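Accompanying notes for the structure given below.
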2 protein chains.
Amino acid sequence: MNRPDHHPDWIAVDWGTTHLRAFAMDATGAVLAEASSDKGMGSLDRAGFEPALSDLITPWLTDAPMPIIACGMVGSRQGWVEAPYASTPCPPLSPDMVHPEVTDARLQVSIIPGILQAAPADVMRGEETQIAGYLALNPGYTGVICLPGTHTKWVEIIAGRITRFQTVMTGDMFAALSQHTVLRHTVQSKGWDEPAFLHALSQTLSQPESLPARLFGLRADHLLNGLTPDAAVSRLSGYLIGCELAATREYWLGQNVALIGDGRLTALYAAALANQGAPAEIADGNTTVIAGLTAAYQSLKGSPQ
Amino acid sequence: MNRPDHHPDWIAVDWGTTHLRAFAMDATGAVLAEASSDKGMGSLDRAGFEPALSDLITPWLTDAPMPIIACGMVGSRQGWVEAPYASTPCPPLSPDMVHPEVTDARLQVSIIPGILQAAPADVMRGEETQIAGYLALNPGYTGVICLPGTHTKWVEIIAGRITRFQTVMTGDMFAALSQHTVLRHTVQSKGWDEPAFLHALSQTLSQPESLPARLFGLRADHLLNGLTPDAAVSRLSGYLIGCELAATREYWLGQNVALIGDGRLTALYAAALANQGAPAEIADGNTTVIAGLTAAYQSLKGSPQ
């Protein structure tokens, strides 16, 4: 449904590398309609952003100005306009939103800055909005937020501020290893073997130095012992997440942990953490990004622009 | 020079996944001529092997039968004919060479079997011939042989036998990470920064669990601090080889180590090991494979077929 019953008060936009999603919103943060396209930042040059957005949201516009709040890679150096990083420690939502030039004056676009950590060097862009949304939905939360994905973020929250964070590129590594190494012959499966996942996880969590030696073992076990693709892909996932948990132990051990993301990935991380005696809350990625964009919209309304 | 001054006594063949190399040999193991093509195992179906070989070696044939000794992936299940693995502990050269059917009866082809280790499951095919060559050139060698490459092998040699080995797919991982993850934007360089390599190496060798966290740090250091591609690619290499050395410590610590392979890679591993106080001998990969094929030829001549 692309046409809301009444015109929205504002529009929320989640604009990543590979996707563009827009939501027609009312002032309370309720979603009236949504629309999406594959016009992600990665496929656009600078002049392409405004038309890509207009294509989606024109049905929601009137003659009046429309506040539009966007987060994600749209604010990167290769995006529509660079929204310079805020620096940790800081609240997830920086007040320094940036505003690209537009030809259609109705589009009052604000882009939320990403966040950097100077040392160890690290960056996020988009996740800060989900974090803000989680904190809006769970006021006073103190602990760690983990956002599993291509580049999983582990984020420490104290008193409403991001105090430090760590990116682990487990999803990116999984895709590269399973599609572009000799393991591609061994792990092609949509199936799953939970015991194999958990066993592999515990092996690299307790002996992270063994990861490089174990990977080729999947291929050899396939050749010599008929290892099934289901078990192989589950072990590969377990080895990598086990290493990630070993690398991030100080983030999750004995801490409150909230997992934000899509259902399959957060369930995987929750199972991994539960296996280590570390229960985690799960929050939906879509819900939190909309709550975060809403928080940014409300902060914008509350302050002179 | 494809035509030797006199016809060879036999032909040595190194036939891997991506290449085919043939050497016209005299009985003492001297190379009279060589020829190569890109007709590797990976590009051939079963009927394609004999023509691919004939294309290269026909100038070297007479009407008489010609002994041809081959090693590598030509003997895999997807190869010309499967040469079943010998099982550790065993000498590098199995006497059970296999002989594909040929239409040209002059081609008396023998293929050297690969070697398997039952537990932990591991396999090699091709490296056993280089190991045999190294042992032929260095009689009585006891210690470890490391063959760096796409799938690096660490091999323990005691009393002329392979007692155990470990494959680490460092080269395959390096290629996948540097070409098919977000790091591709950061590590595109033909340059080299040796201090950056050695520092990164020591970091993951002493803290192998930190690898997953350090990888994205290359991207972040590039974005925030202008990390150069030379330093980035050297650090990526150092992180991966450091993890490999942590995983294989029991193979190299306090052992004789010989490195077999191409000059650039063996120099890299030698520098890494020297940095850890573990000096290594270096042997040329080409020389050792020819010495190994010669040892196989001589064993064949010495035994009734």
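Data for the structure
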item: Single condition A:Tyr239 does not satisfy, out of (1) buried (at least 24 other Cβ atoms within 10 Å of the Cβ); (2) closer than 19 Å to A:Glu250 by Cβ; (3) more than 9 Å from chain B (Cβ to nearest Cβ); (4) not small (Gly, Ala, Ser); result: (2)
item: Pairs where the first residue, in the range B:270-299, is among the charged types (D, E, K, R) and the second is surrounded by 21 or more Cβ atoms within 10 Å (Cβ to Cβ), C-beta under 6 Å, 6+ apart; result: B:Glu281/B:Ala258
item: Candidate set: the range B:180-202, residues that are facing chain A (nearest Cβ under 9 Å), farther than 12 Å from B:Leu236 by Cα and part of a helix (DSSP H, G or I); chosen: the one farthest from the chain's Cα centre (by Cα); result: B:Val182
item: Where B:Pro208 falls short, out of the listed (1) under 18 Å from the mean Cα position of the chain (by Cα); (2) within 13 Å of chain A (Cβ to nearest Cβ); (3) crowded, with 22+ Cβ neighbours inside 10 Å; result: (1)
item: The one condition in (1) farther than 18 Å from B:Leu211 by Cβ; (2) assigned to a helix (DSSP H, G or I); (3) in contact with a Cys (Cβ under 8 Å, 6 or more places away or on another chain) that A:Leu205 fails to fulfil; result: (1)
item: Residues of the range B:72-89 that turn out to be farther than 15 Å from B:Val155 by Cβ, at pLDDT 95 or above and of a type outside the set (Gly, Ala, Ser), as a count; result: 6
item: Matching residues in the range A:257-277 - criterion: being over 18 Å from A:Thr167 (Cα atoms) and modelled with pLDDT under 95; result: A:Gly263, A:Arg264, A:Asn275, A:Gln276, A:Gly277
item: Selected residue (only one of A:Lys190, A:Lys153 is on the phi < 0 side of the Ramachandran plot, charged (D, E, K, R) and surrounded by 24 or more Cβ atoms within 10 Å (Cβ to Cβ)); result: A:Lys153
item: Residue check, B:Arg219 part of a helix (DSSP H, G or I), among the basic types (Lys, Arg) and modelled with pLDDT of 95 or more; result: yes
item: Selected residue (only one of A:Ser210, A:Ser234 is touching an Asp or Glu at 6+ places or on another chain (Cβ under 8 Å) and either modelled with pLDDT of 95 or more or of a type in the set (Ser, Thr, Tyr) (or both)); result: A:Ser234
item: Strands (runs of 3 or more DSSP E) lying entirely in the range B:90-164 (those with 2 or more residues that are at pLDDT 95 or above and in contact with a Gly (Cβ under 9 Å, 6 or more places away or on another chain)); result: B:122-124, B:143-147, B:152-158
item: Residues that are surrounded by 14 or more Cβ atoms within 10 Å (Cβ to Cβ), in a loop (DSSP other than H, G, I, E, B) and either more than 20 Å from the chain's Cα centre (by Cα) or without any contact (Cβ under 8 Å) to a residue 24 or more places away in the chain (or both), drawn from the range B:30-69; result: B:Lys39, B:Leu44, B:Leu61
item: Close pairs from the range A:242-264: first part of a loop (DSSP other than H, G, I, E, B), partner among the hydroxyl-bearing types (Ser, Thr, Tyr), Cβ under 7 Å, at least 6 apart; result: A:Asn256/A:Thr142
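The values are calculated or read from the model by the stated rules, or taken from the named source; none is laboratory data. Everything quoted here is computed from the prediction, not taken from an experiment. Note that we place each Cβ from the backbone using ideal geometry, even for glycine, and neighbour counts take in every protein chain shown.
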